[in-house]
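As structure tokens, the structure follows; a few thoughts come after it.
Please treat every number below as a calculation from the coordinates, not as lab data. Just so you know, these numbers come straight off a predicted model, no measurement behind them. Note: ideal-geometry Cβ built from the backbone for every residue, glycine included; neighbour counts use all protein chains shown.
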Amino acid sequence: MPTTYKVLGQINPAANTLSNVYTVPSATQAVISTITICNQTAVNSSYSIAVAPNAEEDNTKHYIIRGGVVPAADSIAITLGLTIDAGDQIRANTNNNSISFSIFGSEIT
């Protein structure tokens with residue numbers, strides 16, 4: 001089972017829109033090591049991150065962070081070790097369209 005370390009997903013979503021950042025490909029498992037949230041504005045902004053098994057519809061049980069705050073012109077790095085399976089999705093939402101999300105980790109095929 002080869003392991004590939006990589007940037008798994010990056011997105012700058014529209015404000016107040018839950019968006020897919022990463023979907024685990026078929027016949028693959030993934031380990032999420034770090035998620036970064038970068039605020040490119042001069043005001044504090046809120047964000048949320050959800051993990052949806054098998055691309056389920058949005059549900060409150062999926063949220064690993066809900067209403068977190070990233071300070072103005074700053075970044076937050078969240079180190080996890082999340083394990084997810086084929087078809088699972090990581091989604092992000094923010095109240096500001098100048099917030100970017102990056103996911104780093106490895107895929108196992």
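Looking at the stretch 83-109 only, could you name the residues that are part of a loop (DSSP other than H, G, I, E, B) and either out of contact with any helix residue (DSSP H, G or I) (no Cβ under 8 Å at 6 or more places or on another chain) or farther than 13 Å from residue 64 by Cβ (or both)? Step through it out loud before you land on a result.
Taking the stretch 83-109 first, the residues part of a loop (DSSP other than H, G, I, E, B) are 86-88, 95-98, 109.
The answer is 86, 87, 95, 96, 97, 98, 109.
Residues 86, 77, 42: which one is of a type in the set (A, V, I, L, M, F, W, C) and out of contact with any Ser or Thr (no Cβ under 6 Å at 6 or more places or on another chain)?
Working: 86 fails: out of contact with any Ser or Thr (no Cβ under 6 Å at 6 or more places or on another chain); 77 fails: out of contact with any Ser or Thr (no Cβ under 6 Å at 6 or more places or on another chain).
Result of the check over 86, 77, 42: 42.
Could you check, for the stretch 60-68, whether at least one of its residues is in a helix (DSSP H, G or I), out of contact with any Phe, Trp or Tyr (no Cβ under 7 Å at 6 or more places or on another chain) and in contact (Cβ under 8 Å) with a residue 12 or more places away in the chain? Full working, then the answer.
First, pick out the residues of the stretch 60-68 that are in a helix (DSSP H, G or I): 60-62.
Keeping just the survivors that are out of contact with any Phe, Trp or Tyr (no Cβ under 7 Å at 6 or more places or on another chain) gives 60-62.
Among the residues that remain, those that are also in contact (Cβ under 8 Å) with a residue 12 or more places away in the chain are: 62.
Yes, the stretch 60-68 contains at least one residue that is in a helix (DSSP H, G or I), out of contact with any Phe, Trp or Tyr (no Cβ under 7 Å at 6 or more places or on another chain) and in contact (Cβ under 8 Å) with a residue 12 or more places away in the chain.
Report every pair of residues separated by at least 6 positions or lying on different chains whose Cβ atoms are under 8 Å apart, first residue within the stretch 84-109 and surrounded by fewer than 20 Cβ atoms within 10 Å (Cβ to Cβ), second among the basic types (Lys, Arg).
That search, which allows pairs on different chains as well, returns 104/6; 106/6; 107/6.
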